[in-house]
Amino acid sequence: MQSTYPSLKKVIALDIRIVCSAFKSLKAEKGPLIQTTLEQLKVQDLTREEIQKAHQTLADIGISPVVVREINLRHIEEYAAAFPEDFSRDGVAHLRKLLEQFRVVILDATQRITGSYKECGAAYAIDSLSFEEKALGVVTASAGNHGLGVALAAVNQQVLATIVVPKSAPDIKKKNIAALLENALKGSRFIEYGDTFDEAAAYARTLAGTYVSPYNHPNVWLGQAYNFTSAIKELSKMGIDVKDISKIICPVGGGGFVSGVAQAAHHSKREIEIIAVEPQTHAKFSSNPPPESFDQLISVPAGTVALADGTATKQYGNLTYWTLLKLVSDFHQVTNQEIKSSIRFLFQAMAITSEGAGALPLAFLLKPIEEDTHMPPVTDGAKKPVILAYVSGRNIDPDALTKILKENKMNRGQSLF
């Protein structure tokens, strides 16, 4: 299949030598949904028709669209007046400068039933299974939010589900998964295993059933594309057309969210820049631009503490890796302290509760950045280009959120992480 996407900063040629090198380095994943073949490694583009079909399916299922919220000067001025220490510490002044050049719009996925964007990928992946695959029951591993999405889809589609999460997952995610599974088919199971997502995933793949990857399959990406397509109508109500969008800022962990959103966006406007933001604690790319071989990626050391637990994967998926290289313009890292700054601003200025992974895109925008040399200066009366920044999930333990909000007031100089 010929790619429909333009050449970005670094086009990676998927010749047979590179593909074979990546293929040989992978462990086989069990389950009909994610059987990996050499052909799949070479062909990963989603078609416009597939994206439209997924959008309609999820709309019919009742998955709510993202909520669109614009950050304006009023938010920043009120924040500065109410929280002067946070304003100077948390980089909000940099955001104010950015608003001179761009409109910055939050795409909020936290208002869904499970509080996360993962609801879309899980629902569409399970809906796309054959009768025989569903009859086997579904098995998945999750840092938390994907497990919530699978549990909800299992209830709605009456499919037996086994969900494995690491012991380190936030209590709020584990409790909510277990609560949802109480309404699923009898025999559905919630299992805590291992200290990391990767340990939980390795165990889940040994279990009987159809394995539903959190990120490493095109049907998951098609579901995640809904997080972009469902926003288009709401953006138009704000006078924003797709042609006005300059950049989309996404969190990245395993790569499924970016793989879906970026492909949907590029079908609408090829020139949109996709910026992927990952936590410094779990950054898989050692440099920017990224390496040309899957084997050259950094593996995150075991035991690394993550504030952004939802993106705390040791490695990208073998399929998502290639789509990230092809579609992402830039990769950026943010520190735990920058993530906390983002969580504080979202909560105190926008009334949005965000978990660590959900706050990654805004954490990037709060960093001091140079003026965008690709964009001409905005003159009076000219239409500003638009930056879209996702807030992908709200599932943070209440005690952790309280400590982040009060950190420099109660424990000056101390850190949770």
- [ ] Considering every residue within segment 251-273, establish whether at least one is buried (at least 24 other Cβ atoms within 10 Å of the Cβ), touching a Pro at 6+ places or on another chain (Cβ under 8 Å) and part of a strand (DSSP E or B).
- [x] yes
Open item on the list: Quick check on my filter: what residues within segment 219-250 are in a helix (DSSP H, G or I), closer than 16 Å to GLN56 by Cα and touching a helix residue (DSSP H, G or I) at 6+ places or on another chain (Cβ under 8 Å)?
Closed with: ASN219, VAL220, TRP221, LEU222, GLY223, GLN224, ALA225, TYR226, ASN227, PHE228, THR229, ILE232
- [ ] Evaluate segment 87-105: report whether one residue or more is at positive phi and either out of contact with any Pro (no Cβ under 7 Å at 6 or more places or on another chain) or not in a strand (DSSP E or B) (or both).
- [x] yes
TODO: Would you mind telling me which numbered condition in (1) under 20 Å from ASN318 (Cβ atoms); (2) in contact (Cβ under 8 Å) with a residue 60 or more places away in the chain LYS233 fails?
DONE: (1)
Task: Scan of segment 125-181 for residues that are buried (at least 18 other Cβ atoms within 10 Å of the Cβ), among the small types (Gly, Ala, Ser) and in contact (Cβ under 8 Å) with a residue 60 or more places away in the chain, ordered by number - done: ALA125, SER128, GLY137, ALA141, SER142, ALA143, GLY144, SER168, ALA169
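So which residues in segment 210-234 are surrounded by fewer than 20 Cβ atoms within 10 Å (Cβ to Cβ) and over 22 Å from ASP45 (Cβ atoms)?
Within segment 210-234, the first condition is being surrounded by fewer than 20 Cβ atoms within 10 Å (Cβ to Cβ), and the residues that meet it are 232-234.
If the condition is that a residue be surrounded by fewer than 20 Cβ atoms within 10 Å (Cβ to Cβ) and over 22 Å from ASP45 (Cβ atoms), then LYS233, GLU234 are the ones that fit.
Can you find, within segment 325-355, the residue that is surrounded by the most Cβ atoms within 10 Å (Cβ to Cβ) among those that are in a helix (DSSP H, G or I) and among the β-branched types (Val, Ile, Thr)?
Out of the qualifying residues, it is ILE339.
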Open item on the list: It is to be established whether one or more residues within segment 351-361 are among the acidic types (Asp, Glu) and either at pLDDT 95 or above or within 24 Å of VAL67 (Cα to Cα) (or both).
Closed with: yes
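The values are calculated or read from the model by the stated rules, or taken from the named source; none is laboratory data. Since this is a predicted model, take the numbers as computed values, not measurements. Backbone-built Cβ (ideal geometry, glycine too); neighbour counts: all protein chains shown.
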